[in-house]
Ligand code: GCV
């Protein structure tokens, strides 16, 4: 008891704003003893803005963790000291630094013994390297590592390590799940850019060196003179942290901003326009990073309007930026979203390769093709894009999505590092020797001047930056992998946990295990065997919507019907997509015998009774994985509960609430998918679960007072396809008599929490109020469906046969206090 009390009081109250840069005071006596010999003095021999940020950061970190104020001195002192500088400068002082290369924005942390003193040297290949080295040193201290005898050299794998923000000038964020933009509000750059400065610091701490600040669906007036002046303030806030600002540009800007009668990239007037626009930008923002371009995609105009190619457009922009050192990241996310779904040969997955492979070698050397890691669009499971292995003479950057658009929108835990790591390690066989994606991006396979990785981050004004405290591991891990793609997901998860929640071994072990399991858990209950995330494709991409991907032009088809499921992408009988891979990758996917189970339905159309390598039929796998996934989601709660008192109360409660919500929504997903496939295939679950819910009492079958039964659309997102709504302004109620054996039960109510009102619910047993809750979440829909279906589990209590349970629902606004069903749970209560 005494111990747990002590632990609880030692935990800090935290909002999550500090993210992994908490620099929590170190209490561990062994560590304190170890760090007692660290220098008391610091000197920076480099006087750049970035080196000065590094020195201040060092002082701040040491002060916060070790309660020690560093003395910053102007010259190398005759005492132990932290010494910051570029490798070139420091070589002239310390012979120990003579041999050994550090390139790019790399750094060298070295303990140097010189004239009887111990110097902790933070040497950067350039000024950014000094900053990255400083963050690395502080991170080691925060993780209680030994820093007394350093000799670590690190060089980032790739020069382009950017995040993209899909922020709109009005302050909203496309696919952003953590509040409003930190950059924009009401058509302007925010007056207060404090959060922007803090964001840049966070990014720099994991080696990210660029940030594209506006939505790739770019508002044309981003490039107006007035707008550029405002945007320059964002670049100013980034600059101390070595983060360069980039902008998404609309290819039609010459016409929309300056009323030219064309935006044809081959028209000399258009070329002159881009050139003079680039000059104007660099006058305002000397370290401007470059342009990101989304063109001929999802309604954005592009060079195809004039019969020109993406290379024609990209090169015009690139030539305008070239003299200033800027780059163009041209997105390969170009596809026709009006595909003919009746055509069995039509295939969106083919688009990027079909369009860009013929252009290999036609792009200027400061153009980089930004290629999504999979051929569709950030689904829970996709194969690696064949385009990544299909370009020998073109710079490439791989795009991943930190914001969890198709992976739970930061309401579900989904640690994406294992997914990205699988992609980075995947051998595309672009040459006879191994050619993993990470080597292709680093220019090790085909010599190329530029390459990198871009993560769509979409942080927002919410204190946690990404809303779910555990989701920040994806931003952290993105930076770490971009810096060093050889790091393991386990290492990254452990580092992040130590920095974010402290070094308690149980905390580190538990959170790491939860993170590492989470992608597989999410995949298990949202989409089987590579069929894609079975979400509402034409809407918000959150809850289940199995048929939404079919019979439309968007091409995210899974082609499930009565007999089978999957896209036939074989060369032999399908769309031929598999032929875009080099051998032996193509052969592996083409043959049913060698195609991995987890991508089977991406590559092949098979019957439900087809047997997987695992020995199960496809249909049984669908049932099993969704039940197992939902159970595993519930187990996350049990794991988290072991940490009560070991992490601060605020984040403990916050994460617990989110995990409880996730477990409830995993049941919604499980049931929607299992019921849909049961009905569509007509093949029962051999374990008898799908379609059988003996502990469930459907609301529409209860005694109703004021409530009315309604059909829910899509039908599979409500139990039995129906629910009840209250269409009056006063309370309605549902009630039923308990017909189970006497015992302890938790009462789980499945209700709908629409975002157009705040309904209230009161639960009574035999007329006595036992629980009450409010439907005040901001789920992404004003309707009763799979986005809003939510589970509330009341505290366990003893019930007897014949007891009466009543739920009163009070509507508010458009939220009609909808109820789907009640389930009496015997185990796992609360
Ligand atoms: C910015 C997906 C998203 C869109 C996004 C697009 C893209 O389709 O749903 O919101 O648009 O990808 O990457 O350009």
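Considering region 696-723, the residues that are assigned to a loop (DSSP other than H, G, I, E, B) and over 32 Å from the mean Cα position of the chain (by Cα) include one that is surrounded by the fewest Cβ atoms within 10 Å (Cβ to Cβ), namely 706. A count restricted to region 282-308 and to residues that are part of a loop (DSSP other than H, G, I, E, B), out of contact with any strand residue (DSSP E or B) (no Cβ under 8 Å at 6 or more places or on another chain) and either under 23 Å from residue 553 (Cβ atoms) or within 11 Å of the ligand (Cβ to nearest atom) (or both) stands at 6. Filtered by the rule that a residue be surrounded by 14 or more Cβ atoms within 10 Å (Cβ to Cβ), in contact with a helix residue (DSSP H, G or I) (Cβ under 8 Å, 6 or more places away or on another chain) and in contact (Cβ under 8 Å) with a residue 60 or more places away in the chain, region 678-692 gives 681, 683, 685, 689, 690. Among the residues of region 175-211, those that are farther than 17 Å from residue 465 by Cβ and touching a residue at least 40 places away in the same chain (Cβ under 8 Å) comprise 188, 189, 207, 209, 210. Among the residues of region 352-370, are any within 13 Å of the ligand (Cβ to nearest atom), in contact (Cβ under 8 Å) with a residue 24 or more places away in the chain, in a strand (DSSP E or B) and crowded, with 24+ Cβ neighbours inside 10 Å? Yes, the conditions are met somewhere in region 352-370. Screening 293, 316, 328 for residues that are in the same structural domain as residue 238 (by TED's automatic domain parsing), under 29 Å from residue 576 (Cβ atoms), buried (at least 23 other Cβ atoms within 10 Å of the Cβ) and at pLDDT 95 or above leaves exactly one candidate, 293. Criterion applied to 392, 422 was being surrounded by fewer than 22 Cβ atoms within 10 Å (Cβ to Cβ), in a helix (DSSP H, G or I) and either assigned by TED's automatic domain parsing to the domain that holds residue 554 or more than 14 Å from the chain's Cα centre (by Cα) (or both), and the one residue passing it is 422.
The rows are residues; the columns are (1) in contact with a helix residue (DSSP H, G or I) (Cβ under 7 Å, 6 or more places away or on another chain); (2) buried (at least 20 other Cβ atoms within 10 Å of the Cβ); (3) in the same structural domain as residue 24 (by TED's automatic domain parsing).
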{"site": "48", "(1), (2), (3)": "yes, no, yes"}
{"site": "51", "(1), (2), (3)": "yes, yes, yes"}
{"site": "54", "(1), (2), (3)": "yes, yes, yes"}
{"site": "60", "(1), (2), (3)": "no, no, yes"}
{"site": "63", "(1), (2), (3)": "no, no, yes"}
{"site": "69", "(1), (2), (3)": "yes, no, yes"}
{"site": "75", "(1), (2), (3)": "no, no, yes"}
{"site": "92", "(1), (2), (3)": "no, no, yes"}
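Among strands (runs of 3 or more DSSP E) entirely within region 779-829, having at least 1 residues that are farther than 23 Å from residue 717 by Cβ and touching a residue at least 60 places away in the same chain (Cβ under 8 Å) singles out 797-799, 804-810. Just to be sure before I move on: is residue 190 under 30 Å from residue 448 (Cα atoms), away from the ligand (no atom under 16 Å from the Cβ) and not assigned by TED's automatic domain parsing to the domain that holds residue 26 in the structure I sent? No; evaluated as a whole, the condition is false for this residue. Taking region 207-244 as the range and being surrounded by fewer than 24 Cβ atoms within 10 Å (Cβ to Cβ), in a loop (DSSP other than H, G, I, E, B) and at pLDDT 95 or above as the test, the residues that pass are 217, 224.
If I filter region 37-60 for residues that are modelled with pLDDT under 95 and on the phi < 0 side of the Ramachandran plot, do I get at least one hit? Reasoning before the result, please.
Of the residues in region 37-60, the ones modelled with pLDDT under 95 are 37.
Subsequent filtering for residues that are on the phi < 0 side of the Ramachandran plot retains 37.
Among the residues of region 37-60, at least one is modelled with pLDDT under 95 and on the phi < 0 side of the Ramachandran plot, which makes the answer yes.
Taken over region 247-277, residues that are over 10 Å from residue 223 (Cβ atoms) and assigned to a helix (DSSP H, G or I) amount to 8. Looking at this structure, is residue 161 closer than 26 Å to residue 367 by Cα, outside any loop (DSSP other than H, G, I, E, B) and in contact (Cβ under 8 Å) with a residue 24 or more places away in the chain? Against the criterion (closer than 26 Å to residue 367 by Cα, outside any loop (DSSP other than H, G, I, E, B) and in contact (Cβ under 8 Å) with a residue 24 or more places away in the chain), residue 161 qualifies.
Each row is one residue, and each column tells you yes or no for (1) more than 30 Å from residue 299 (Cα to Cα); (2) more than 21 Å from the chain's Cα centre (by Cα).
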| site | (1), (2) |
| --- | --- |
| 532 | no, no |
| 543 | no, no |
| 551 | no, yes |
| 559 | no, yes |
| 570 | no, yes |
| 590 | yes, yes |
| 593 | yes, yes |
| 597 | yes, yes |
| 605 | yes, yes |
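Within region 376-383, one or more residues are within 16 Å of the ligand (Cβ to nearest atom), part of a loop (DSSP other than H, G, I, E, B) and either more than 20 Å from residue 478 (Cα to Cα) or not assigned by TED's automatic domain parsing to the domain that holds residue 436 (or both).
Among the residues making up region 323-349, a single one is away from the ligand (no atom under 14 Å from the Cβ), in a loop (DSSP other than H, G, I, E, B) and in contact with a strand residue (DSSP E or B) (Cβ under 6 Å, 6 or more places away or on another chain): 326. For the residues 586, 513, 517, the requirement of being crowded, with 17+ Cβ neighbours inside 10 Å, more than 25 Å from residue 781 (Cα to Cα), under 26 Å from the mean Cα position of the chain (by Cα) and not assigned by TED's automatic domain parsing to the domain that holds residue 417 singles out 517.
Checking the stated criteria, residue 592 turns out not to satisfy the condition of being touching a strand residue (DSSP E or B) at 6+ places or on another chain (Cβ under 9 Å) and under 28 Å from residue 391 (Cβ atoms).
The values are calculated or read from the model by the stated rules, or taken from the named source; none is laboratory data. None of the values given here were measured: they were computed from a predicted structure. Backbone-built Cβ (ideal geometry, glycine too); neighbour counts: all protein chains shown.
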